[in-house]
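**Student:** Structure provided below as structure tokens; questions to follow.
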Amino acid sequence: MRITCVGGGPAGLYFAVLAKLADPGHEITVLERNPAGVTWGWGVVFWDDLLDDLFRYDPVSAERIWEAACQWDEYEVRATGKPVTHLPGYGFSLGRHKLLEILSTRATELGVRISWSDDLGDPSALPPADLVVACDGAGSRIRQSNAEHFGAEVDVADNKYIWLGTPHVFDTFTFGFVRTEAGWIWYHAYPFNDTTSTFIVECTPSTWSGLGFDTMDAAAGTARLREIFAGHLNGQPLIDQRADLGGTGWLNFRRVTAQRWDHGNVVLMGDAAHTTHFAIGSGTKLAMQDAMALADAVASGDELPVALERYEHRRKAAMAPLQRAARASSSWFEHVGDYADLPARRFSYALSNRRGEFPVWRYALHISTQNTVPRTLLRWTLSARRWSRARRRPGTTTVAAGQVIPHTA
Ligand SMILES: Cc1cc2nc3c(=O)[nH]c(=O)nc-3n(C[C@H](O)[C@H](O)[C@H](O)COP(=O)(O)OP(=O)(O)OC[C@H]3O[C@@H](n4cnc5c(N)ncnc54)[C@H](O)[C@@H]3O)c2cc1C
């Protein structure tokens with residue numbers, strides 16, 4: 001089969017890897033508008049569920065991802081005028097650059113052709129292929145060129161956000177809320193290698209304009225944010241990738257939905273089909289799980305229309321709960337002001353329960369784990385669970401917890 005993937009993000013590259021593994025006879029080309037090694041964004045987070053899937057589908061790339069990943073062991077919540085509180089839970093993070101490097105190397109090893117610096121201007125000008133996978137991201141030109149057929153909609157969220165990096169290496173996943181004269185502004189930050197952390201800043205539009213970000217260029221904007229978050233950055237700067245390109249990285253999140261994902265031999269995948277608010281850090285996971293489902297469908301031997309429909313049904317059903325969680329989560333962040341006056345423990349509990357799904361006993365656990373001994377015991381328990389889960393994965397039976405992961409919070 002001749003397959004063209006338009007877009008060399010996590011979805012396109014991982015699908016190319018899996019389709020080639022399923023049938024080395026496929027001729028697969030990935031078109032990517034950026035040069036090799038160039039991408040946007042900083043580190044992304046993920047959890048054991050993605051690792052389990054990755055090891056099941058391709059242990060080789062999974063092992064490389066795991067080895068490069070950073071591990072964090074709890075959440076820390078900081079807010080102006082409140083003592084620091086903690087939330088249980090561990091996860092992993094990895095630079096987007098590193099993830100794409102691992103996936104593109106693996107794809108090339110398997111015989112996938114990656115055409116870098118290849119910007120598809122006109123979707124109708126694609127060379128003939130049996131299957132065209134539109135994995136060209138949230139702004140997908142292919143989806144937009146047939147928006148009516150796909151039933152595509154884009155909702156623009158109210159809050160402003162900016163995805164920054166910083167050389168300050170946070171100890172663990174940290175939410176920090178700062179009260180300013182124009183209202184609350186906050187960040188979601190986590191380390192993703194030994195030298196860098198992701199630092200996503202968010203606020204309401206009125207706080208954003210009240211602080212003057214609507215009139216500042218990238219350099220002035222990051223300098224102002226550095227001032228606002230001075231107590232959290234240990235003297236380190238914030239980096240806006242847009243600074244050298246003109247403009248700033250401030251955006252409004254765009255929630256993409258599509259009623260149909262296929263059109264003839266063209267199929268949408270990853271952010272081109274659906275986006276998921278960054279407040280639950282799952283877009284990359286969903287994009288890669290799309291790739292797994294599409295690779296399974298293509299390998300099933302069914303006629304293409306049947307295979308594509310099966311892929312779409314499977315993915316829409318699987319992601320519905322996460323999409324609901326993402327909406328609840330982004331809505332919580334749009335109303336931070338309603339919670340900000342709560343005492344510290346109740347505030348961080350409200351943050352952790354922003355999907356509104358916790359049973360009553362979770363509050364008692366939350367209160368007790370603000371003390372060192374129960375908190376440490378819970379961390380050990382979660383660590384044991386992580387270790388046991390890792391041991392069950394193919395190819396990792398000899399790896400002890402933390403052994404292959406460079407940064408341990
Ligand atoms: C602030 C922020 C934080 C996030 N944090 C997380 C996180 O912690 N965890 C997580 O799982 N997810 C996170 N995400 C979501 C994640 O980044 C996306 O869901 C994921 O990148 C989707 O992968 P994709 O391959 O579908 O699309 P993309 O990663 O967008 O890749 C699409 C590719 O297509 C290329 N392309 C586009 N148009 C063309 C064209 N015309 N011709 C050729 N190439 C083209 C682009 O250059 C790009 O490389 C975050 C998103 C944001 C905005």
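The values are calculated or read from the model by the stated rules, or taken from the named source; none is laboratory data. Worth saying up front: this structure is predicted, and the values here are computed from it rather than measured. FYI the Cβ positions are ideal-geometry reconstructions off the backbone, even for glycines, and counts take in every protein chain you see. The protein model used for the area step is the full one, side chains on, heavy atoms only, and it has no ligands, DNA or RNA in it. Shrake-Rupley method; radii C 1.70, N 1.55, O 1.52, S 1.80 Å.
**Student:** Keeping to region 273-303, report how many residues are farther than 24 Å from residue 62 by Cβ and either near the ligand (Cβ under 8 Å from one of its atoms) or open to solvent by 40 Å² or more (accessible area, probe 1.4 Å) (or both).
**Tutor:** 4
**Student:** Looking for something surrounded by fewer than 17 Cβ atoms within 10 Å (Cβ to Cβ), in contact with a Lys or Arg (Cβ under 9 Å, 6 or more places away or on another chain) and of a type outside the set (Val, Ile, Thr) - is there at least one such residue anywhere in region 156-163?
**Tutor:** Within region 156-163 (the criterion being surrounded by fewer than 17 Cβ atoms within 10 Å (Cβ to Cβ), in contact with a Lys or Arg (Cβ under 9 Å, 6 or more places away or on another chain) and of a type outside the set (Val, Ile, Thr)), the answer is no, since none of the residues qualifies.
**Student:** If residue 330 satisfies every condition in (1) within 22 Å of residue 15 (Cα to Cα); (2) part of a helix (DSSP H, G or I); (3) open to solvent by 10 Å² or more (accessible area, probe 1.4 Å) but one, which is the exception?
**Tutor:** All conditions are met except number (1).
**Student:** Then there is this: Take residue 54 and decide whether it is within 30 Å of residue 264 (Cβ to Cβ), assigned to a helix (DSSP H, G or I) and open to solvent by less than 10 Å² (accessible area, probe 1.4 Å).
**Tutor:** Criteria not met by residue 54.
**Student:** If you don't mind, another one. Does region 173-199 hold any residues that are open to solvent by 10 Å² or more (accessible area, probe 1.4 Å) and either of a type in the set (S, T, N, Q) or over 14 Å from residue 75 (Cα atoms) (or both), and which are they?
**Tutor:** Selection gives 178, 179, 180, 181, 182, 183, 184, 192, 193, 194, 195, 196.
**Student:** Checking residue 157 against (1) out of contact with any strand residue (DSSP E or B) (no Cβ under 6 Å at 6 or more places or on another chain); (2) closer than 30 Å to residue 207 by Cα, which test does it fail?
**Tutor:** (1)
**Student:** Applying the selection to region 344-370, what residues are part of a loop (DSSP other than H, G, I, E, B) and surrounded by 11 or more Cβ atoms within 10 Å (Cβ to Cβ)?
**Tutor:** 353, 354, 355, 357, 358, 369, 370 - these are the residues of region 344-370 that are part of a loop (DSSP other than H, G, I, E, B) and surrounded by 11 or more Cβ atoms within 10 Å (Cβ to Cβ).
**Student:** Could you check, for region 243-261, whether at least one of its residues is within 16 Å of the ligand (Cβ to nearest atom), surrounded by fewer than 21 Cβ atoms within 10 Å (Cβ to Cβ) and part of a helix (DSSP H, G or I)?
**Tutor:** yes
**Student:** Oh, and also: From 271, 302, 296, grab the single residue that is under 22 Å from residue 4 (Cβ atoms) and within 18 Å of the chain's Cα centre (by Cα).
**Tutor:** Answer to the check: 271.
**Student:** So, one more: Going through region 112-138 one residue at a time, which ones are surrounded by 13 or more Cβ atoms within 10 Å (Cβ to Cβ), within 7 Å of the ligand (Cβ to nearest atom) and not hydrophobic (A, V, I, L, M, F, W, C)?
**Tutor:** Within region 112-138, 118, 136, 137 meet the criteria.
**Student:** Within the bounds of region 207-214, is there any residue that is among the aromatic types (Phe, Trp, Tyr), more than 23 Å from the chain's Cα centre (by Cα) and open to solvent by 30 Å² or more (accessible area, probe 1.4 Å)?
**Tutor:** Checked region 207-214: at least one residue is among the aromatic types (Phe, Trp, Tyr), more than 23 Å from the chain's Cα centre (by Cα) and open to solvent by 30 Å² or more (accessible area, probe 1.4 Å).
**Student:** Further question: Being within 16 Å of residue 59 (Cβ to Cβ) and either free of Cβ contacts under 8 Å to residues at least 60 places away in the same chain or not aliphatic (A, V, I, L, M) (or both) is the filter here; which residues of region 92-107 pass it?
**Tutor:** 102, 105, 106
**Student:** Here's something else I'd like to know. Is one or more of the residues making up region 267-278 in contact with a Leu (Cβ under 8 Å, 6 or more places away or on another chain), hydrophobic (A, V, I, L, M, F, W, C) and in contact (Cβ under 8 Å) with a residue 12 or more places away in the chain?
**Tutor:** The answer is yes, given that some residue of region 267-278 is in contact with a Leu (Cβ under 8 Å, 6 or more places away or on another chain), hydrophobic (A, V, I, L, M, F, W, C) and in contact (Cβ under 8 Å) with a residue 12 or more places away in the chain.
**Student:** Can you name every residue in region 84-111 that is within 11 Å of the ligand (Cβ to nearest atom) and within 19 Å of residue 29 (Cβ to Cβ)?
**Tutor:** Answer for region 84-111, where residues must be within 11 Å of the ligand (Cβ to nearest atom) and within 19 Å of residue 29 (Cβ to Cβ): 100, 103, 104.
**Student:** Which members of region 21-51 meet the condition of being among the small types (Gly, Ala, Ser), within 12 Å of the ligand (Cβ to nearest atom) and open to solvent by 20 Å² or more (accessible area, probe 1.4 Å)?
**Tutor:** Correct list: 36, 37.
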